[in-house]
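Structure, as structure tokens:
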Amino acid sequence: MINRGEVKDRIGAAAALAVALVKARAAIWLVTTNISADEVAHMGSRRFETMQAALDTALQVKGDMAQVTILHEATEILPILPS
């Protein structure tokens with residue numbers, strides 16, 4: 001698509017690809033009160049109002065072996081996941 005000139009915003013496309021690659025390997029949950037649950041769901045993620053609620057849910061979903069990474073100001077960064 002990029003080579004065919006179909007993508008106007010290459011930086012935006014790169015960010016979308018990076019998010020898609022992370023989402024393919026890990027669940028992305030947001031702790032925020034500034035974005036509605038519907039908006040977060042539309043992005044394919046899950047919203048929590050508190051860190052404790054997110055951690056409690058992670059333990060319920062994944063059990064005692066749950067792995068959590070906290071990314072402060074995560075809208076500006078993405079993790080590089082080990083293969």
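The values are calculated or read from the model by the stated rules, or taken from the named source; none is laboratory data. None of these values were measured; they are calculated from a predicted model. FYI the Cβ positions are ideal-geometry reconstructions off the backbone, even for glycines, and counts take in every protein chain you see.
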Could you tell me how many of the residues in segment 7-21 are assigned to a helix (DSSP H, G or I) and β-branched (Val, Ile, Thr)?
2
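Looking at 81, 59, 30, which one is at pLDDT below 75 and surrounded by 10 or more Cβ atoms within 10 Å (Cβ to Cβ)?
81
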Count, please, the residues in segment 22-48 that happen to be out of contact with any Leu (no Cβ under 8 Å at 6 or more places or on another chain) and assigned to a helix (DSSP H, G or I).
6
